[in-house]
Structure formats: C-alpha cells, structure tokens
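Everything on this sheet refers to the single structure shown next.
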Amino acid sequence: MERIWAPWRMEYVGCASETTGCVLCHAAEGNELVLSVTDHVIILLNKYPYTTGHLMVSPLRHVPDLESLQDDELWHLVAAVRFSETVLKREYRPDGLNIGFNLGACAGAGVLGHVHVHLVPRWKGDTNFMPVIGEVRVLPESLERSFERLRPYFEAQ
C-alpha cells in the first residue's frame, strides 16, 4: 500500500469534533485565514480547500440564504466576490473558476445556516488520477503560502 503524507491534516483530525458554533462567525472574530473583514463581508481561505486559492466570501450577518439578506448586504457580498475573482485571476492565473453557493446539507453545504460563496480556481489538468482513483487531492501550495500571496491584495483594498 502506498502512503501519502499530509501532516497538516492532524490539526483537523484532532479537533474536528470540537468545533462549536458557526465557523464563519468565529472566523470574523479573528482567524489566521481571514484575508478581509469589512462592515458587511468576510473573505477567507477555505481551511479544507478543493484547490490552491480556494476562497469563501460570506456576509458578516449570520443568515441561511440569499433571500434573508438585505439589499445592501447582497450588494456588498457580490462586490466582494467580484473583487476576489479579480485577485485570484491576477495572482494564480487559473484557466477558470468555479463560483457558487451550497444552500442546505443536501446541496453540499459544509457550513449550515450561514450563507457563503465558494471561489475555486481551476486549471486545465487539475483533475487527475489522484482524486478520481485515490480519492485524494494533492495541493501544491500550503495555506500559509496562499495567505502570504493573497493578503497584500486585500490589505490594499
């Protein structure tokens, strides 16, 4: 049997059942993966990304869906998604992006009750035998390095 070493996953394995409350609300209070917090929106790296540069954008207010947002909150959310798209294109030069919402558990929402948008950079050939056969994703960059690369764009905002 072949082994793939991913020692950074131990943090998740060791504390996955300890998480209480909303991770997005908790992140807004201070988190090492937060790229930006405004009066209306939080932008952060996904702690368990599908690809390098996987971001999440969420309104600060804890609401379950788009229809629960006030018009100004929705505007700020979309503006933050657009800015994040620009940043990812500039820094990572992906061939494409998946941008979307997962509303509800059956739709794949990992954070229930707090609407958020995923921005997932994609490159030609980023799907290979590892996720298809091995059910493993190989990420070529650490979260810390992704944060270092992206943070200056959000600081300058």
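The values are calculated or read from the model by the stated rules, or taken from the named source; none is laboratory data. Since the structure is predicted, the reported quantities are computational estimates derived from the model, not experimental observations. Note that each Cβ is placed from the backbone with ideal geometry, even for glycine, and that neighbours are counted across all protein chains shown.
At-a-glance table
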| item | result |
| --- | --- |
| Of the criteria (1) free of Cβ contacts under 8 Å to residues at least 12 places away in the same chain; (2) surrounded by 16 or more Cβ atoms within 10 Å (Cβ to Cβ), which one V81 fails | (1) |
| Tally of residues being loosely packed, with under 14 Cβ neighbours inside 10 Å and assigned to a helix (DSSP H, G or I) across the stretch 90-109 | 4 |
| Filter pass, V57 being surrounded by 14 or more Cβ atoms within 10 Å (Cβ to Cβ), at pLDDT 90 or above and under 17 Å from S146 (Cα atoms) | yes |
| Subset tally (residues that are at pLDDT 60 or above, over 19 Å from F154 (Cβ atoms) and not in a helix (DSSP H, G or I)) for the stretch 1-41 | 5 |
| Number of positions in the stretch 86-102 that are in contact (Cβ under 8 Å) with a residue 12 or more places away in the chain and within 18 Å of V41 (Cα to Cα) | 6 |
| Residue count, the stretch 21-51 (criterion: surrounded by fewer than 13 Cβ atoms within 10 Å (Cβ to Cβ) and closer than 13 Å to R151 by Cβ) | 1 |
| Identity of the residue in the stretch 68-78, in contact with a helix residue (DSSP H, G or I) (Cβ under 9 Å, 6 or more places away or on another chain) and touching a residue at least 40 places away in the same chain (Cβ under 8 Å), that ends up surrounded by the fewest Cβ atoms within 10 Å (Cβ to Cβ) | L69 |
| Residue tally, condition among the small types (G, A, S), on the phi < 0 side of the Ramachandran plot and either at pLDDT 70 or above or in contact with a strand residue (DSSP E or B) (Cβ under 8 Å, 6 or more places away or on another chain) (or both), over the stretch 118-157 | 3 |
